[in-house]
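Enquirer: Below: one structure in structure tokens.
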Amino acid sequence: MSLIENIIRPEVRALSAYHVPDAGGFVKLDAMENPYILPETLREELGRRLADVALNRYPVPSYTELKARICAKLGVPAGYDVILGNGSDELISIVSVACAKPGAKVLAPTPGFVMYAMSAKFAGLEFVGVPLKPDFSLDKAAMLAAIEQHKPAITYLAYPNNPTGNVFDVADMVEIIKAVGDTGAVIVDEAYQPFAQDTFMPRLPEFPNLVVMRTVSKLGLAGIRLGYMSCSGALLTEFDKVRPPYNVNVLTQAAAEFVLEHVDVLDAQAASLRWERTKLAAELTALPGVEVFPSAANFLLVRVKNPNITSDGVFSALLDRKVLIKNVGKMHPLLENCLRVTVSTPEENRIFLDAMKASLAS
Ligand code: PMP
């Protein structure tokens, strides 16, 4: 046996790394980033704040100030605390590691965010995917049957869902949270909450097994890598035990504290992206051979319904025009011929639309 076979777990060897394409020179619409930067005055002030950060010191391990600001500014209910992660990706990993009893399972509707399944596999958990209905709503009966059969330690419900963009029915979600009960945690992943605005955060006190996970990435701070998650204190204490020490660095901490004092700026950017989403959806819908799905997120899922070209063809024709979106057409049978595009500035949306028109004609 080779060194790799000797030491690396077979399920890890069977995985492919999470692929992030190099977007140099492209109009980048593949990763649901907020295209707007902070206004110049705020950037200058932020620069001064960051200059004062003690880079020679480890971060304050309790993150007291940052957590207090997150709780105050981002709608965490009174009496609830948060755990912070290096992006919500790290929080997903923390939950997986904490719950990785031998034989434990992770359940999520599919298609969904790929890290739920990947992180489960990293931690040695079995992943069970339950297909959504063709309209991307939850198949409640199938979810409840899977919960009964597999007794998942972790169930993820992304609200809104990535890559489909829709929000699931709240009553269905509540039924699922109740059906899981004290046999598992239900993580409601609200990465796209700034664009949906609906949230389960105020409902934390109703459900001891509910965990609400968020990120500042889509709000406009993808580069600083900061996620936060809230749930009952008892559960939070356990998750916190497997969090790597100092996992949020001093620059992220200082930048987040500063920006959260000005969160209204980011909220206004999210509001304008919601408006752009409506416009972009209408213009895409008007193109022949394209189906656009309803979205409560900062991206749109579109299906190519043109007998002459597939989603692969449109994706590469867009690349030729220096526009990078995400081809999800082979990710799941329900996504056949689908593409996902981030909603951006009016200028970038126009470039995308023009490139899309030309690509569909090619
Ligand atoms: N959850 C969902 C549903 C996502 O789509 C993403 C990123 N694409 C994340 C979590 C991870 O976000 P981050 O690590 O940037 O906080």
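Enquirer: Being in contact with a Phe, Trp or Tyr (Cβ under 6 Å, 6 or more places away or on another chain) and small (Gly, Ala, Ser) is the filter here; which residues of the range 224-254 pass it?
Expert: Selection gives SER230 alone.
Enquirer: Moving on to the next point. Starting from the range 248-266, keep only residues that are touching a residue at least 40 places away in the same chain (Cβ under 8 Å), then list their pairs with residues that are buried (at least 16 other Cβ atoms within 10 Å of the Cβ) and aromatic (Phe, Trp, Tyr) whose Cβ atoms are within a distance under 7 Å, requiring at least 6 positions of separation or different chains.
Expert: Within 7 Å, the pairs are VAL248/TYR63; GLN253/TYR63.
Enquirer: Shifting gears a bit: Can you give me the ranges of the helices (runs of 4 or more DSSP H) entirely in the range 129-228 with at least 2 residues that are within 15 Å of the ligand (Cβ to nearest atom)? Break it down stepwise before answering.
Expert: On the way: elements: 140-150, 170-180, 193-196.
Passing ranges, in order: 193-196.
Enquirer: While we're on this one: Can LYS322 be described as in contact (Cβ under 8 Å) with a residue 60 or more places away in the chain and surrounded by fewer than 16 Cβ atoms within 10 Å (Cβ to Cβ)?
Expert: On the way: in contact (Cβ under 8 Å) with a residue 60 or more places away in the chain: yes; surrounded by fewer than 16 Cβ atoms within 10 Å (Cβ to Cβ): yes.
Here the answer is yes, as LYS322 does meet what is asked.
Enquirer: Then there is this: Only residues that are touching a helix residue (DSSP H, G or I) at 6+ places or on another chain (Cβ under 6 Å) and free of Cβ contacts under 8 Å to residues at least 40 places away in the same chain: list them for the range 67-113, please.
Expert: SER93
Enquirer: Run down PRO346, PRO294, PRO307 and say which single residue is over 22 Å from the mean Cα position of the chain (by Cα), within 24 Å of TYR36 (Cα to Cα) and surrounded by fewer than 18 Cβ atoms within 10 Å (Cβ to Cβ).
Expert: Working: PRO294 fails: over 22 Å from the mean Cα position of the chain (by Cα); PRO307 fails: within 24 Å of TYR36 (Cα to Cα).
Among PRO346, PRO294, PRO307, only PRO346 is over 22 Å from the mean Cα position of the chain (by Cα), within 24 Å of TYR36 (Cα to Cα) and surrounded by fewer than 18 Cβ atoms within 10 Å (Cβ to Cβ).
Enquirer: Further question: Looking at (1) assigned to a helix (DSSP H, G or I); (2) more than 16 Å from the ligand (Cβ to nearest atom); (3) assigned by TED's automatic domain parsing to the domain that holds GLU347, which is the one condition that is false for GLU238?
Expert: (3)
Enquirer: Residues that are surrounded by fewer than 12 Cβ atoms within 10 Å (Cβ to Cβ): list the helices (runs of 4 or more DSSP H) wholly contained in the range 1-105 that include at least 1 such residues. Spell out how you get there, then give the answer.
Expert: Details: elements: 3-7, 10-13, 40-51, 64-73, 88-98.
Helices (runs of 4 or more DSSP H) meeting the threshold: 3-7, 10-13, 40-51, 64-73.
Enquirer: Could you count how many residues in the range 305-362 are touching a Gly at 6+ places or on another chain (Cβ under 6 Å) and in a strand (DSSP E or B)?
Expert: Total satisfying the criteria: 2.
Enquirer: Only one residue in LEU260, LEU235, LEU219 is closer than 21 Å to ALA158 by Cβ and under 21 Å from the mean Cα position of the chain (by Cα). Which one?
Expert: LEU219
Enquirer: Evaluate the following for ASP198: is it in contact (Cβ under 8 Å) with a residue 24 or more places away in the chain, crowded, with 23+ Cβ neighbours inside 10 Å and either of a type outside the set (Lys, Arg) or outside the structural domain of VAL341 (by TED's automatic domain parsing) (or both)? Steps first, answer last, please.
Expert: On the way: in contact (Cβ under 8 Å) with a residue 24 or more places away in the chain: yes; crowded, with 23+ Cβ neighbours inside 10 Å: no; either of a type outside the set (Lys, Arg) or outside the structural domain of VAL341 (by TED's automatic domain parsing) (or both): yes.
So ASP198 fails the test.
The values are calculated or read from the model by the stated rules, or taken from the named source; none is laboratory data. Source: prediction; values computed, not measured. Using ideal geometry, Cβ is built from the backbone for each residue, glycine included, and neighbour counts are taken over all protein chains shown.
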